[in-house]
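Every number in this text was worked out from the coordinates using simple rules, so none of it is lab data. Quick caveat: nothing in here was measured; it's all calculated off a predicted structure. Note that we place each Cβ from the backbone using ideal geometry, even for glycine, and neighbour counts take in every protein chain shown.
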Amino acid sequence: MRNVLTVSGLKGGTGKSTTALNLSACLALYEQKVLLVDSDPQARASQWCKMNSNGNDHDLVQVLAGRISVPDAVCTTDIDGLYMLPAGFDLFPMSLKLTGRMDNEKLLRLVIDEITHDYDMVICDAPSSCGYLSLAALTAADWIAAVVIPDQDWVGDFHSLMKIVRYIRQSHNIPLGISGILFNRCNSEKQIENRVIPEVLEQIRPLIYKTMIPDDEILDKEEAGFSPLAVHDIKAPASQAYLAVAREIIRAFNLK
Ligand SMILES: Nc1ncnc2c1ncn2[C@@H]1O[C@H](COP(=O)(O)OP(=O)(O)O)[C@@H](O)[C@H]1O
Ligand SMILES: [Mg+2]
């Protein structure tokens, strides 16, 4: 069974990496075996793993270059059941070489195919923008979670993302599903309604996760930003919210 969820969104700074890291950790706290794949050269989600990796530079770039096998690039983390396939900035020059050939859009999917059977869930952190790496991260997925923040044109952002999803479904014949739209930095339902025509909101509403991630200044602090918040403070509102999203996903994916 392939359960690959790519955390995506075209705008930068909406909280994709924060979500990929915290959601993966919370799924692992619920005793799921999780692999977090970082496909962003900014490597924000990987920083935590790299801090603990004793200088081991095994990462996705080495795998894509054919220098090491996929299992050899996976590192353990401080959380039982949570593993990571990290990235580094080298992914950027490599992505320039891979851009433009349709076959290459499936490379990350093929990498993940080699190990997906070892995990209950694979979470992939996608970069922002419509570039090659975002496309590869979306093409690798069975499902996507779109992370948006309410004070921006989140509907426009989501519709643009859906155009890419349709491209992937048609060109690669992959039945990519929408797991949900996750509101981050959102403290009330009112914020969601603010900028949206009510009829449009009613159409999209079934896709919105029940849980919203509140704005939480601890997530903005450097030390916590490098590691899952639940490890520092399980009672923090954002930790509780990510645990609730993890429960929604466990139910939706029928995980035990
Ligand atoms: N719920 C939140 N509350 C406060 N700060 C947040 C929240 N989510 C993300 N951030 C902060 O916003 C910034 C961008 O988050 P990041 O996950 O790197 O975004 P993206 O991966 O979408 O570019 C980071 O400094 C992060 O710590
Ligand atoms: Mg990011």
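Of these, Asp157, Asp216, which one is in contact with a strand residue (DSSP E or B) (Cβ under 7 Å, 6 or more places away or on another chain) and acidic (Asp, Glu)?
Values: Asp216 fails: in contact with a strand residue (DSSP E or B) (Cβ under 7 Å, 6 or more places away or on another chain).
Criteria check complete, one pass: Asp157.
For the range 117-139, a residue qualifies if it is surrounded by 20 or more Cβ atoms within 10 Å (Cβ to Cβ) and part of a helix (DSSP H, G or I), and the qualifying residues are Tyr132, Leu133, Ser134, Leu135, Ala136, Ala137, Leu138, Thr139. Looking across the range 184-212 at every residue that is within 16 Å of ligand 1 (Cβ to nearest atom) and polar (S, T, N, Q), the one that is nearest to the chain's Cα centre (by Cα) is identified as Asn184.
Just one of (1) in contact with a Cys (Cβ under 6 Å, 6 or more places away or on another chain); (2) more than 16 Å from ligand 2 (Cβ to nearest atom) fails for Ala137. It is (2). Here Asp215 passes the criteria (1) surrounded by fewer than 22 Cβ atoms within 10 Å (Cβ to Cβ); (2) touching a residue at least 40 places away in the same chain (Cβ under 8 Å); (3) outside any helix (DSSP H, G or I); (4) within 13 Å of ligand 1 (Cβ to nearest atom) except the one numbered (2). Out of all the residues in the range 2-16, which are outside any strand (DSSP E or B), in contact with a strand residue (DSSP E or B) (Cβ under 9 Å, 6 or more places away or on another chain) and within 11 Å of ligand 2 (Cβ to nearest atom)? Listed by number, the residues that qualify are Gly9, Lys11, Thr14, Gly15, Lys16. Looking only at residues in the range 17-45 that are part of a helix (DSSP H, G or I) and among the hydroxyl-bearing types (Ser, Thr, Tyr), the one that is nearest to ligand 2 (Cβ to nearest atom) is Ser17. Within the range 218-236, the set of residues being within 9 Å of ligand 1 (Cβ to nearest atom), surrounded by fewer than 19 Cβ atoms within 10 Å (Cβ to Cβ) and assigned to a helix (DSSP H, G or I) comprises Ile218, Asp220, Glu222, Gly225. I need the full set of residues from the range 172-212 which are within 15 Å of Leu23 (Cβ to Cβ) and surrounded by fewer than 11 Cβ atoms within 10 Å (Cβ to Cβ), in order please. Across the range 172-212, the qualifying residue is only Lys210.
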